[in-house]
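Engineer: Let me give you the structure first, and then I'll get to my questions.
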């Protein structure tokens with residue numbers, strides 16, 4: 001009887017639940033969505049234009065400031081030279097030589113400024129030839145040590161079987177030296193600089209997230225310092241021309257912009273990884289030399305996902321990276337639990353609310369780091385395997401004592417194929 005009564009009451013309302021929008025209403029909704037999309041695109045375009053104008057304004061102001069200083073040096077010393085010639089005496093020769101040298105120095109600085117501007121704009125003439133990166137770094141090692149001074153240790157780790165790259169060796173030396181000098185300034189109280197080379201492959205996933213860099217084989221140069229690190233806002237502007245955190249007169253702010261311009265003009269990519277209090281790694285990716293036009297080789301890697309009912313717990317403080325990892329693992333049919341830091345992970349385990357088979361954790365996180373998190377879970381007798389991630393070079397991390405030899409480590413950027421391989425490798429290990 002109750003079910004009949006319910007049906008009688010609900011019957012008049014049924015058409016509302018089953019109401020199908022008319023074609024006219026559907027067209028109105030589609031038009032509204034299209035209009036919303038247009039407004040969003042216009043807003044994004046205005047933001048990009050605003051950012052571009054800000055960069056141009058900064059560039060113009062910096063160029064005007066620096067060139068006015070250099071022109072003052074050149075023209076001022078030439079005026080002194082002219083007056084010296086008019087009132088020639090015994091001391092004039094020495095004075096004339098001094099002011100001419102000063103004017104010449106100003107002209108050379110102007111030429112370097114122009115060259116760096118051309119590098120940033122990717123308009124400098126390059127003379128690329130096949131270069132062995134390990135040999136180039138080895139030849140520069142003594143110069144690096146003299147530049148860094150006695151209170152900074154230098155370690156250069158050249159990977160065996162490194163590929164050659166087609167680059168202008170002079171511009172490449174200048175780019176690496178710029179990074180080394182920046183690292184030295186960051187480590188005013190001493191520290192360690194690690195330069196490491198390796199072969200690398202950029203896949204479609206990484207390419208789509210990083211300005212559509214061509215997929216293919218690259219040589220990676222990772223330069224890591226143990227300085228104070230860069231905050232996010234500084235990282236975002238680090239390659240902008242004339243942007244500098246140094247005191248006035250201590251730097252032009254063109255060093256890293258020159259690096260960026262050279263690498264991009266050479267067909268490569270440059271990336272900064274940094275955390276406050278943990279140092280900075282700058283990675284240069286330069287296309288492998290194939291003795292002709294670079295044709296990316298397709299590397300086929302068998303991707304194996306979950307065997308069923310396996311859960312990966314992610315601890316990563318960068319939301320964009322955490323989202324990418326979670327989505328990738330879900331595509332591989334893993335159950336995924338996401339946490340922004342170690343404290344959130346430990347709180348969840350403390351409530352007994354979760355179980356997992358593998359912990360995928362960033363090494364450097366605010367508060368408790370990834371290694372400390374793993375140690376705490378072991379102390380609590382939580383049975384799960386651990387895979388670490390880092391944006392720093394493997395050698396720099398190990399030599400700073402943050403990881404023991406033999407632990408499983410993934411270096412960022414992380415491709416789907418490498419993530420799948422490492423996770424499967426650990427889960428299958430008895």
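The values are calculated or read from the model by the stated rules, or taken from the named source; none is laboratory data. Everything quoted here is computed from the prediction, not taken from an experiment. Because the Cβ atoms are built from the backbone with ideal geometry, glycine has one as well, and the counts that use them run over all protein chains shown.
Engineer: Which one of the conditions (1) modelled with pLDDT under 90; (2) outside the structural domain of residue 373 (by TED's automatic domain parsing) does residue 283 fail to meet, given that it meets all the rest?
Structural biologist: (1)
Engineer: So residue 227 passes all but one of these: (1) out of contact with any strand residue (DSSP E or B) (no Cβ under 6 Å at 6 or more places or on another chain); (2) modelled with pLDDT of 80 or more; (3) surrounded by 22 or more Cβ atoms within 10 Å (Cβ to Cβ). Which condition number does it fail?
Structural biologist: (1)
Engineer: A further question on this structure: Given the residues 106, 57, 76, 62, which is the only one that is within 27 Å of residue 184 (Cβ to Cβ), modelled with pLDDT under 70 and outside the structural domain of residue 201 (by TED's automatic domain parsing)?
Structural biologist: On inspection, the qualifying residue turns out to be 62.
Engineer: While we're looking at this one, here's another question. With (1) buried (at least 18 other Cβ atoms within 10 Å of the Cβ); (2) in contact with a helix residue (DSSP H, G or I) (Cβ under 6 Å, 6 or more places away or on another chain) as the list, and residue 154 as the residue in question, which single condition is left unmet?
Structural biologist: Checking residue 154 against (1) buried (at least 18 other Cβ atoms within 10 Å of the Cβ); (2) in contact with a helix residue (DSSP H, G or I) (Cβ under 6 Å, 6 or more places away or on another chain), the one that fails is (1).
Engineer: Still on this structure, I have one more. Looking only at residues that are part of a loop (DSSP other than H, G, I, E, B) and free of Cβ contacts under 8 Å to residues at least 40 places away in the same chain in region 182-225, which one is nearest to residue 134 (Cα to Cα)?
Structural biologist: 190
Engineer: Of everything in region 139-171 that's touching a strand residue (DSSP E or B) at 6+ places or on another chain (Cβ under 7 Å) and assigned to a helix (DSSP H, G or I), which residue is farthest from residue 198 (Cα to Cα)?
Structural biologist: Top of the filtered list is 148.
Engineer: Among the residues of region 318-335 satisfying the criterion of being buried (at least 18 other Cβ atoms within 10 Å of the Cβ) and free of Cβ contacts under 8 Å to residues at least 60 places away in the same chain, which is nearest to the chain's Cα centre (by Cα)?
Structural biologist: 322
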